[in-house]
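Accompanying notes for the structure given below.
The values are calculated or read from the model by the stated rules, or taken from the named source; none is laboratory data. These numbers were taken from a predicted model, which means no experiment stands behind them. As a convention, Cβ positions derive from the backbone with ideal geometry for all residues, glycine included, and neighbour counts pool all protein chains shown. To get the accessible areas, we keep the full protein, side chains included, count just its heavy atoms, and leave off ligands, DNA and RNA. Shrake-Rupley method; radii C 1.70, N 1.55, O 1.52, S 1.80 Å.
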Amino acid sequence: MRYLASLIIAVFFIQSIASQTYEVGLMVGGANYVGDVGSTYYISPNDIAFGAIGKWNRSKRHAFRASFLYAELNANDKRGDERRKQRGLSFTNSVKEISLGMEFNFWDWYLYEGDSQFTPYLYTGFTAFNYGAQAIDINNKIDAYSDKWSFAIPMVLGIKKTLGRDFVLGAEIGARYTFTDNIDGSNPDDRFGKGFGNLNNNDWYVFTGITISYTWGRIPCYCAF
């Protein structure tokens, strides 16, 4: 047991000191909403989104990631199918999200030797976001009535490449499956009357854009001391 414990401690310590690469940068691109109003295309950015991102590259194949994203969302039934065009609803909203999770690299991602690096990646985790809860008013228009918080599951696919030794450029598409059906006003509080659309499906929003980050950290030492 003593030798096993020593081995576990040594392996953990080696992993820890071999993982001192950090990244911090910016995200910018477009966003779109998918739900009961407007277009049903999942990737159709029609408004601005931007934010900040940070990563700890824990190994060549995975990194812990945190991000903040602000996205404007709007939808109009004029861009939907014939039934939605006849209904004629539209809305605007915005989300402010904080996301924590893990990024998985398809190929080894090693930033210390100065060689050019490239890999596709996946990201998922846990997202909390603030949005304007909406409802249809007496003029048959969708307007916000209060700010609320909800949660979402991020599902992100991207690619990234080093720019020299200190910078990383990435491009990603990330869908957020939310735990609310009222970004669009289709499922408001009971005091606002009945909703509309499919009340059994929650809303989505999607970020499509690029990231650029600065990376730093000491070169890993593959020794216990």
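Observations on the structure shown:
- Verdict on residue 40 being within 25 Å of residue 178 (Cα to Cα), of a type in the set (Val, Ile, Thr) and loosely packed, with under 15 Cβ neighbours inside 10 Å: yes
- Answer residue from region 150-170, given it is of a type outside the set (A, V, I, L, M, F, W, C) and open to solvent by 70 Å² or more (accessible area, probe 1.4 Å) and is farthest from residue 60 (Cα to Cα) among those: 165
Each row is one residue, and each column tells you yes or no for (1) farther than 21 Å from residue 35 by Cβ; (2) in contact with a strand residue (DSSP E or B) (Cβ under 9 Å, 6 or more places away or on another chain).
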residue	(1), (2)
145	no, yes
149	no, yes
154	no, yes
167	yes, yes
170	yes, yes
174	no, yes
183	no, yes
196	no, yes
199	no, no
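- The set of residues from region 183-198 being within 18 Å of residue 93 (Cβ to Cβ) and either in a helix (DSSP H, G or I) or at pLDDT below 90 (or both) comprises 189, 192, 195, 197.
- Taking residues in region 204-217 that are over 23 Å from residue 37 (Cβ atoms), and partners anywhere that are crowded, with 17+ Cβ neighbours inside 10 Å and of a type in the set (Lys, Arg), the pairs with Cβ atoms closer than 9 Å and at least 6 places apart or on different chains are 211/160; 213/55; 213/160; 215/55.
- Qualifying positions in region 95-121 - of a type outside the set (S, T, N, Q), under 19 Å from residue 216 (Cα atoms) and assigned to a loop (DSSP other than H, G, I, E, B): 108, 109, 110, 111, 112, 113, 114, 115
- Failed item in (1) in a strand (DSSP E or B); (2) closer than 30 Å to residue 109 by Cα, with residue 145 passing the rest: (2)
- Filter pass, residue 124 being part of a strand (DSSP E or B), out of contact with any Phe, Trp or Tyr (no Cβ under 7 Å at 6 or more places or on another chain) and either open to solvent by 70 Å² or more (accessible area, probe 1.4 Å) or of a type outside the set (Gly, Ala, Ser) (or both): yes
- Looking only at residues in region 93-105 that are closer than 30 Å to residue 194 by Cβ and open to solvent by 20 Å² or more (accessible area, probe 1.4 Å), the one that is nearest to the chain's Cα centre (by Cα) is 96.
- The set of residues from region 46-76 being surrounded by fewer than 21 Cβ atoms within 10 Å (Cβ to Cβ) and of a type in the set (Ser, Thr, Tyr) comprises 59, 70.
- Of all residues in region 84-126, those being out of contact with any helix residue (DSSP H, G or I) (no Cβ under 9 Å at 6 or more places or on another chain) and either within 25 Å of residue 205 (Cβ to Cβ) or acidic (Asp, Glu) (or both) number 24.
- Test: residue in region 44-62 that is part of a loop (DSSP other than H, G, I, E, B) and under 16 Å from the mean Cα position of the chain (by Cα): yes
- Only one entry of 108, 143, 147 meets the criterion of being farther than 30 Å from residue 197 by Cβ and either open to solvent by 10 Å² or more (accessible area, probe 1.4 Å) or modelled with pLDDT under 95 (or both), and that entry is 108.
- Test: residue 162 is assigned to a strand (DSSP E or B) and in contact with a Leu (Cβ under 8 Å, 6 or more places away or on another chain): yes
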